[in-house]
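Undergrad: My structure is below; once you've seen it, I'll send some questions.
Please treat every number below as a calculation from the coordinates, not as lab data. In this text, all values refer to a predicted model and were calculated from it rather than measured experimentally. FYI the Cβ positions are ideal-geometry reconstructions off the backbone, even for glycines, and counts take in every protein chain you see.
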Amino acid sequence: ISKKMAQYIHEIQTPTEKNKNVVRLRTTGFRANGTHSPMSKISDKWLYLKDAPFKISNACCHVMKVNPLRSFAAKSRLVPIIGTTSDESKAREHNFIRHGCNAYGNKFPVSTPIIFWTEQHVLQYIRDNQIEVAGCYGDLHEVAGGLRFTGTQRTGCMFCGFGAHLETSPNRFEVMEKTHPRQYRYCMESLGLREVLQYCGIPWRREQGELFT
C-alpha cells in the first residue's frame, strides 16, 4: 500500500479514548466538527488492515534513510545532493513546484539537480554516456515508448513491500527467491514478511506451499 495509507493505519491500530477522533477521521472521513474530508480516510480497499496481526507503519524511510542523512548533514554541515525525479511521485512533483531544484531555505536544505528529469532522461543519459550500472539491471534496449532494462527496472530497499500488490508475477519477492535465496530466507523467516504478504494476498514464491523443503 502507499506510505500515506500506512501512516493512517498506524495511527489507529491501537484505538484508545484519546485518539477516538483520529480513528473516526481515518475510518469514516468525518472530523470532530462534522465536516467531511475524504482524503483523510483510509481507502475502503485497505481498511481491513487496521485489524492486521502485525504493526503497520510508514516510518521505514525515516529510520533507514532520512534520519541518518539529516544527522550526518548536521554534523558535517554539508548539504545532500539527491537524485530523485519529479515523475516518481506526486509528492516529489509538488516539492519541485514549490522549491525548485535547490531547497536551501528549507529547515533541512537539499539539492535535487535532476528533479525535472523523467526516467527516460536518466536511461538516455546512461546509454549516451556508457555509464556502468549494477548487473541486476541487465542491458538497455529499445521498446515501444523509449528505453528499458532487460533485467530489474528499479531497485530500492531490498525487503520493501510498498507497491508489491501492483506487480505482475513474478513479483520482486518471487524473483528474490531465485536470485538471492539467502536474503529471501532472511526476509521471509527472520523479518516475518511471509505472514504480511499472505495476509495481503500477495504471492511470495513461484509455487505456493511450504516455504522450504
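Undergrad: Extending each Cα 7 Å along its Cβ direction at E142 and T155, get the distance between those two points in nm, one decimal.
TA: Output for this residue pair reads 2.8 nm.
Undergrad: Okay, next question. Setting aside same-chain residues fewer than 8 positions from K18, which lysines have a Cα under 20 Å from its Cα?
TA: Within the straight-line cut-off, K18 pairs with K41, K50, K55.
Undergrad: Identify which of the listed values of Rg and Dmax of the Cα atoms in Å was calculated from the structure shown: (i) 18.2, 63; (ii) 17.8, 56; (iii) 20.4, 60.
TA: (iii)
Undergrad: Additional query: Suppose every Lys and Arg Cβ carries +1 and every Asp and Glu Cβ carries -1, with no other charges. What dipole size does the range 82-213 come out with about its Cα centre, to the nearest 20 debye? Before the final figure, lay out each step's value.
TA: Numbers: 14 positive and 15 negative charges, 69 e Å.
My answer is approximately 340 debye.
Undergrad: Hey, another quick one. Can you give the helix-only mean residue ellipticity at 222 nm for the chain, where every DSSP H stretch with n ≥ 4 adds -39500 (n - 2.57) and the sum goes over all residues, rounded to the nearest 500 deg cm²/dmol? Please list the in-between numbers first.
TA: On the way: 8 runs with 70 residues, N = 213.
Estimated from H runs of four or more residues: -9000 deg cm²/dmol.
Undergrad: Between the range 1-31 and the range 67-129, what is the C-alpha centre distance in whole Å?
TA: When both Cα centres are located, 30 Å separates them.
Undergrad: From the square roots a ≥ b ≥ c of the eigenvalues of the alpha-carbon gyration tensor of the range 77-131, which class results: rounded (a/c under 1.5), prolate (a/b over b/c), or oblate? Before the final figure, lay out each step's value.
TA: Numbers: a/c = 3.30, a/b = 1.58, b/c = 2.09.
Note, shape of the range 77-131 comes out oblate.
Undergrad: Still on this structure: Find which of I42, I126, C160 sits farthest along the positive direction of the dipole of the chain, computed with +1 on the beta-carbon of Lys and Arg, -1 on that of Asp and Glu, about the Cα centre.
TA: I42
Undergrad: Would you mind classifying the range 146-193 by shape? Square roots of the alpha carbon gyration tensor eigenvalues, ordered a ≥ b ≥ c; an a/c under 1.5 is rounded, otherwise it is prolate if a/b is larger than b/c and oblate if not. Please list the in-between numbers first.
TA: On the way: a/c = 2.20, a/b = 1.72, b/c = 1.28.
The shape class here is prolate.
Undergrad: Taking C-beta distances below 4.7 angstrom as the pairing criterion, name the unpartnered cysteines of the chain, in sequence order.
TA: So far as the 4.7 Å Cβ criterion goes, C60, C61, C101, C136, C187, C200 stand without a partner in the chain.
Undergrad: Roughly how many nanometres apart are two label points built 7 Å out from the Cα toward the Cβ at H121 and N21?
TA: It is 4.3 nm.
Undergrad: Considering only the other residues whose Cβ falls under 13 Å of the Cβ of I82, what net charge follows from Lys and Arg at +1 and Asp and Glu at -1? Intermediate results must be reported in sequence, preceding the final value.
TA: Working: positive: K65, R70, R92; negative: E88.
Once positives and negatives cancel, what remains is +2.
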